[in-house]
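These notes concern the structure reproduced below.
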Amino acid sequence: MNVETPVYITTPLYYVNDELHIGHATTTLYADTLARFWRACGRPVLFLTGSDEHGQKIHKAATAAGTTPKAFADRIVGKFFELWERLDIQYDIFIRTTDDFHKRAVQALFTRLRDAGHIRKDRYNALYCVDCETNYTEKDLVEGKCPIHKTTPQQVSEENYFFALSRFTQPLLEHIAKFPDCIVPEPRRNEIVGKLKDGLNDISVTRTTFDWGVPLPWEPQHVIWVWWDALVNYISGLGWPDAQGLPTDAIAGRSRHGHEPVRAPFAHWWPHAVHLVGKDILWHHSVVWWSQLLGAGVNPPRQVFAHGWWQVEGDKMSKTLGNVIRPLEIADKYGRDALRWHVLREGPAKGDADWRQAAFITRYNADLANGLGNLVNRSLTMLGKYFAGKVPAEVAFEQPALERARRDIIARVNALYARMVAAVTAFDLDGACEAVFELVRETNAFVNNAAPFKLAKDPARANDLQASMHTLCQVCFVLCHALRAFLPDASARIADQLGIKAEGRLEAVLRWNAFAPGHTIVGPQPLFARLETGGA
Ligand code: MSP
């Protein structure tokens, strides 16, 4: 991976019909982790998220709440902002589909598609699921019900504008054949290819039965289908159709990443776009979206990564079952790093996953309390005791077995950067975490074997004590940096204890001896308190 190549990371725009749950937070945490990791590598990153505010679903929720869709959206979007702030999600752009610049881009795209001859008027007879905001054919239904929500879809019949999706079957198959990693992981790509081979039907892309949406420029009694509108955010957020990029005042004050994004030409970011989505909306993000783009003469994004779904203790997560996991409740109780860690390590990146409380506690105790926390704490405590908190100079062990163990640790540290880059490039965030935790476990075993607390009692072993403590200092320093994207709070706290700043390119700091001898640390503070097993 060339870390000079920019990357443009996006999450779905979540519907503002309800508060967000762990499923939504998962995609966003994956995106935030990718963004932080690549930034730490020095790669130019643009991270976009936002809210999907139009369509029947929002209209219905607003009506039920006795308010207007816009007032309703404003209220819920406020909760999105609060959630992302409290989870410290560092996006550059937050886009709302009710933003004027977005609506103009949607209209411009639609007009282009009409001018290119891909749009026609026709009668629309369909089965529409409002929860998916998507229409289905009889064949898609399972026992007459929506395959995702298990509800009976509406029968709809109106005269609408249609998009000639069927024309794109072949171009899409060719695109996927040419860029095999444009849909990852591979089984998801195969699903899409399978469906494409069955052929595509043209789709209805406007509605006249309600008005909460972007009006068609030449026939405003039609509003544009909510998906057709929302997907455009990925380019309207870059200022499209203006090749110069989004004027910075368009979304002023809506960045959580330290600085407001700098205006950059569309061509700077778009070829490097990576959409993170859940498996249920992969179809929209590949087939539907890419056809829109191809029809308008814009290249598809670089990649779509589709993750699986969470279940909860073996059941579907649903309000009806009352088992919805709310990310803030978890973060408030256990800390946001603990939440993030569970998502990264146990989450549905490769397939579906099960959120289990017992697994949460086990993972937390093993990795965070007994693994990382214990290692850093005992290392820094001993450094304070034996070297007055000062990083000692490097010496080799006199004892051969310990010297071999030290050399293994050095090799692992020096290989870490490349391993992490390879894992993150493959969207294997769990793999990147595991690479770091192999170092944690190996070093904890090293502490037990070297037993610096025993060496300290024997003046003849002063050299080996120094070798032990030099090793532990280097490892703590490397862990602090390696975890910047994965456990940002713990990383910042380790940095405070070490008396360093968690900054600088990872390639330069994930190296043996990057922690200078002679530096005096601030001192240890507990990182993660152990949780009682079986305790809530
Ligand atoms: N508004 C559309 C996206 C438009 S993007 C241009 C939408 N929004 S949503 O609010 O329904 O959020 C969907 C996201 O949440 C998807 O990525 C979906 O996979 C994810 N999840 C919803 N429930 C989930 C789980 N139980 N587990 C994991 N993710 C799940 O769709």
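Quick look at the numbers
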quantity	calculated
Farthest positive-ward along the stretch 404-523 dipole, Cα basis, beta-carbon charges - from P459, A405, F427	P459
Once the Cα gyration tensor of the chain is diagonalised, semi-axes √(5λ) in Å	49, 23, 21
25 Å Cα-Cα reach of K316 towards lysines, excluding residues that sit fewer than 8 places from it in its own chain	K57, K60, K79, K139, K145, K150, K279, K333, K350
The chain, helix-only ellipticity at 222 nm - DSSP H runs n ≥ 4, -39,500 (n - 2.57), divided by all residues, nearest 500	-13500 deg cm²/dmol
Loop-resident sites, the stretch 277-342, for trypsin sites (Lys or Arg not before Pro), counting at most 11 other Cβ within 10 Å (DSSP)	K319
Share, in percent, of DSSP beta bridges within the stretch 7-307 that are antiparallel, nearest 5	50 percent
The stretch 357-535 - convex hull of alpha carbons, volume per residue in Å³	112 Å³
Net dipole in debye of the chain [+1 Lys, Arg Cβ; -1 Asp, Glu Cβ; about Cα centre; nearest 20]	880 debye
Selected from L372, G523, T206, residue furthest toward positive end of dipole (the chain; charges at beta carbon)	G523
Given charges at Cβ of Lys, Arg, Asp, Glu: the stretch 33-154 dipole, positive-most of T49, V106, W38	V106
Cα long-axis angle, helix 186-197 against the chain (0 to 90 degrees, to the nearest 10)	10 degrees
Dipole moment magnitude, nearest 20 debye, the stretch 7-307 about Cα centre, only Lys, Arg, Asp, Glu C-beta charged	420 debye
Hull volume in cubic angstrom per residue (convex hull over the Cα atoms of the stretch 12-84)	84 Å³
Extent along principal axes [Cα atoms of the stretch 139-204; Å; largest to smallest]	39, 27, 16
For the stretch 24-107, accessible area per residue (1.4 Å probe, heavy atoms of protein chains only), Å²	29 Å²
Ratio Rg/Rh [Cα only; Rh per Kirkwood] for the stretch 1-146	1.03
Per-residue ³J(HN,Hα) for the stretch 79-96, Karplus 6.51 cos²θ - 1.76 cosθ + 1.60, θ = phi - 60°, Hz, x for Gly and Pro	6, 4, 4, 5, 4, 5, 5, 5, 8, 6, 7, 9, 7, 8, 10, 10, 10, 10
The stretch 2-54-the stretch 456-505 distance, computed between alpha-carbon centres (Å)	30 Å
Carbon and sulfur %, accessible surface of the chain computed with the full protein complex present, 1.4 Å	51 percent
Rg/Rh for the stretch 7-307, where both radii come from Cα atoms and Rh is the Kirkwood radius	0.94
Interchain or long-range residues, amide H under 5 Å from F162's placed H	R120, K121, D122, V205
Orphan Cys of the chain, criterion: no other Cys C-beta under 4.7 Å	C41, C182, C433, C473, C476, C480
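The values are calculated or read from the model by the stated rules, or taken from the named source; none is laboratory data. What you see is a predicted model, and the numbers here were worked out from it, not measured in a lab. Note that each Cβ is placed from the backbone with ideal geometry, even for glycine, and that neighbours are counted across all protein chains shown. Only protein heavy atoms, including side chains, enter the accessible area calculation; ligands, DNA and RNA are left aside. Shrake-Rupley method; radii C 1.70, N 1.55, O 1.52, S 1.80 Å.
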